[in-house]
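Shown next, in structure tokens, is the structure this report addresses.
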Amino acid sequence: MFSKRTWTDVLFAVVLPAAVIGGVYYFGFRDEPVSEGASLPGAEAHARGARVKEALRILETIQFSQAGAMLNSPVFNSLTDFTVPIGQETFGRENPFTRPPVVQRLHDLNPNKTVPTGGTATTPSPSTNTKIDQLNNAGSVRR
């Protein structure tokens, strides 16, 4: 009655997601008791916090000189600007849904061939249609 492919589809579409959701629900939302000693910081954490506080205290004591002193220094003024002016360029086509010029030239050279364009579906060749029609007429295709 059902083929092997149908059972595989049912497995991947229903059973596997249900198992994953059930596993996440069972293992992910459990209320596990936390041991009381695990939340208390140890001596190492206190020492690390003390070092951070000391570094922040040292950073607060740094005094900067006047803001204009750096901009007026001879070292700053000796720096060279190597910027190159970049011209304004246009990119792409005005209408992105038109055929590119190369594809349009190919289409103009041989208008009977189907040239794919962006966004529009191409029709199958007549030889493909006749083969499908022959199969349908012969009764080979079951519905």
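Read-outs throughout are calculated quantities, based only on the coordinates presented, and are distinct from any laboratory measurement. Keep in mind the model is a prediction, meaning the values are calculated, not measured.
Our coupling estimate for the range 52-63, obtained by passing each phi through the Karplus curve with A = 6.51, B = -1.76, C = 1.60 and θ = phi - 60°, is 5, 4, 5, 5, 5, 5, 5, 5, 5, 7, 5, 10 Hz, Gly and Pro reported as x.
3J(HN,Hα) couplings calculated from phi for the range 106-112 with the Karplus curve 6.51 cos²θ - 1.76 cosθ + 1.60 (θ = phi - 60°) are, in sequence order, 4, 5, 5, 5, 9, x, 7 Hz; Gly and Pro show x.
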